[in-house]
Amino acid sequence: MAFDKLTEALSATFKKITKQDRISDKHLDTLLSDVRLALLDADVNTKVVNEFLTKIHDQALNQKILSSLKPNEALMKLVYDELVLLLGPETPDFDWPKGQRKIVLFVGLQGTGKTTSAAKLAKYLKEKKDRKPILVAADLARPAAIDQLEILGQQAHVDVYADKNEKNALSLVKAAMKHINGKDYDTILVDTAGRLAIDEALMQELNSIFDFLRPDEVLLTVDALSGQDVIHTADGFNKTLKLSGLIVTKFDADAKGGAVLSVKALTGVPVKLVGTGEKLDDTDIFYPDRMANRLIGMGDLMSLVEQAQSKLDVEASERSMQRMMDGIFTFDDMLEQFNQLSKMGSLQNMLKMIPGASQLAGQVNDQDSNAMIKKNRAIIYSMTKEERNDPSLLRASRKNRIAKGSGTSVTEVNRLINQFEKAKEQMRMLKRMSKQFPGLK
């Protein structure tokens, strides 16, 4: 995930001052020197780094942070505030008034994930914002673009307007708007052609579409792995089209993320969305304040809660919790926990969102964790209903049968049973505590 290295470096830097009762000028200079190295190593633009550190240094002196009672906390707050300003500070929630029609124009170079990003945003708006979107396939330069958008539209359950016989993008957009007018679509997302580089023909085509549509949002897709080229691309498009925001794709694959930290300061264009995977649900709204929290090692519990609410079966979770409070815990309950955990995705990413746990993420291997969950589920699925409800039935012959049925070993079956017994004892303890402390119920 982007910023992983920077988060580790900043967390290590702040740890050096957490035990200091006072911070001297020398301490401040050393801290800012460490922050400088961390930012430059993360590929943040040099000009942005210099201006960022100058602001922190000046404000630390002006606010008399060095002589405050808790200078370490005050300094972290100062760095946090400056990071929010650097990344945003706007929060792009796409929370448009009901009934207002909005037009979103997607632009970008070829291969940056523009078409997929359009479908991802359409799905997000439909499911999370109760909008009625339609996708317009106006990328006529890439032969497979129309087919791709139609397939993605089907997967997202969003209508797509396309015309494979039309050769002129502006004519297609005009026909699309004529088709859409009078219908109940309230969000029109237009996918346009990309090029290998910014050229005059591309900009003329985009300008003509922009002048006709007068879109509410112009979103440029950029590849996080392209580094500082993100800034040059954003600057080039912004001079012609006046971009409203960026969509940074492959955000999960870039460990540095320096361009994302630099682009708003250098171009004035904020990041609005980040792509975190290939699936249509793998896209996140970019919240500058939450990202700043993660950067200084304070996690992002709000995003973790939102992920849980959107991905987990709330009713199943509530039933499971009630059973736990009643002291009831079977292998079916354990299986439900494994299923819910699988829905949450990367364990590494979850740990990064928990305050103080980001450094543990590096010790977790998602592939190993997923393999272990699959193995444990296979073991439980190989049990009979009676065995799941009454583990005391699990004698040697039954364990052998379960091991063969699940493609595991008796040792692995025993390990899961031991894990189950420990979890069950914890449930019993929780029940006893709930009687002593009614607030736990």
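The values are calculated or read from the model by the stated rules, or taken from the named source; none is laboratory data. Treat the numbers as computed from the prediction; the structure is a model and nothing was measured. Glycine also receives a Cβ, built like all others from the backbone with ideal geometry; neighbour counts cover every protein chain displayed.
Would you point out the residue of segment 231-249, among those that are of a type in the set (Ser, Thr, Tyr) and assigned to a helix (DSSP H, G or I), that is surrounded by the fewest Cβ atoms within 10 Å (Cβ to Cβ)? Show your work before the answer.
Looking only at segment 231-249, we keep the residues that are of a type in the set (Ser, Thr, Tyr), and these are 233, 240, 244, 249.
Those left that are additionally assigned to a helix (DSSP H, G or I): 233, 240.
Working: 233: 24, 240: 15.
For segment 231-249, the residue satisfying everything is 240.
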Open item on the list: So for segment 109-116 (the condition being small (Gly, Ala, Ser), at pLDDT 85 or above and under 21 Å from the mean Cα position of the chain (by Cα)), does at least one residue qualify?
Closed with: yes
Task: Criterion (exposed (fewer than 14 other Cβ atoms within 10 Å of the Cβ), in a helix (DSSP H, G or I) and at pLDDT 85 or above) met by exactly one of 418, 376 - done: 418
TODO: Mind counting the residues in segment 391-409 that are more than 17 Å from residue 420 (Cβ to Cβ), in a helix (DSSP H, G or I) and under 40 Å from the mean Cα position of the chain (by Cα)?
DONE: 2
Open item on the list: Please go through segment 379-410 and give me each residue that is surrounded by 15 or more Cβ atoms within 10 Å (Cβ to Cβ), within 16 Å of residue 336 (Cβ to Cβ) and among the charged types (D, E, K, R), ordered by number.
Closed with: 388
Task: Those strands (runs of 3 or more DSSP E) lying entirely in segment 147-229 with at least 1 residues crowded, with 17+ Cβ neighbours inside 10 Å and touching a Phe, Trp or Tyr at 6+ places or on another chain (Cβ under 6 Å) - done: 187-192, 217-223
Open item on the list: Which residue is farthest from residue 172 (Cα to Cα), if the candidates are limited to segment 121-138 and must be surrounded by 24 or more Cβ atoms within 10 Å (Cβ to Cβ) and in contact with a Ser or Thr (Cβ under 6 Å, 6 or more places away or on another chain)?
Closed with: 133
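Within segment 1-28, restricting attention to residues that are assigned to a helix (DSSP H, G or I) and under 20 Å from the mean Cα position of the chain (by Cα), which residue is modelled with the lowest pLDDT? Outline the logic, then answer.
To start, the set of residues in segment 1-28 that are assigned to a helix (DSSP H, G or I) comprises 4-15, 25-28.
Then keep just the ones that are under 20 Å from the mean Cα position of the chain (by Cα); that gives 4-8.
On the way: 4: 69, 5: 72, 6: 77, 7: 76, 8: 75.
Per the stated criteria, the residue is 4.
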- [ ] Report whether or not residue 328 is more than 22 Å from residue 412 (Cα to Cα), of a type outside the set (D, E, K, R) and at pLDDT 75 or above.
- [x] yes
Task: Hey, residue 269 modelled with pLDDT of 85 or more, under 27 Å from residue 123 (Cα atoms) and crowded, with 21+ Cβ neighbours inside 10 Å or not - done: yes
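Among the residues that make up segment 197-205, is at least one of them over 27 Å from residue 166 (Cα atoms) and small (Gly, Ala, Ser)?
To start, the set of residues in segment 197-205 that are over 27 Å from residue 166 (Cα atoms) comprises none.
Looking through segment 197-205, none of the residues is over 27 Å from residue 166 (Cα atoms) and small (Gly, Ala, Ser).
Say we look at segment 133-145 and pick out the residues that are touching a Leu at 6+ places or on another chain (Cβ under 9 Å) and not in a strand (DSSP E or B); which of these is modelled with the lowest pLDDT?
Here is the first cut: in segment 133-145, the ones touching a Leu at 6+ places or on another chain (Cβ under 9 Å) are 133-141.
Now drop any that are not not in a strand (DSSP E or B), which leaves 139-141.
Working: 139: 94, 140: 93, 141: 89.
Once the filter is applied, the top-ranked residue is 141.
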- [ ] Would you check if there is a residue in segment 123-131 being touching a residue at least 12 places away in the same chain (Cβ under 8 Å), of a type in the set (Phe, Trp, Tyr) and part of a helix (DSSP H, G or I)?
- [x] yes
Task: Unique match (being modelled with pLDDT under 80 and either farther than 16 Å from residue 84 by Cα or not in a loop (DSSP other than H, G, I, E, B) (or both)) among 321, 291, 298 - done: 321
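In segment 250-266, what count of residues is obtained for those that are in a loop (DSSP other than H, G, I, E, B) and buried (at least 22 other Cβ atoms within 10 Å of the Cβ)?
First pass over segment 250-266, keeping only residues in a loop (DSSP other than H, G, I, E, B): 250-257.
From the residues that got through so far, the ones that are buried (at least 22 other Cβ atoms within 10 Å of the Cβ) too are 251, 254, 257.
Residues in segment 250-266 being in a loop (DSSP other than H, G, I, E, B) and buried (at least 22 other Cβ atoms within 10 Å of the Cβ): 3 in total.
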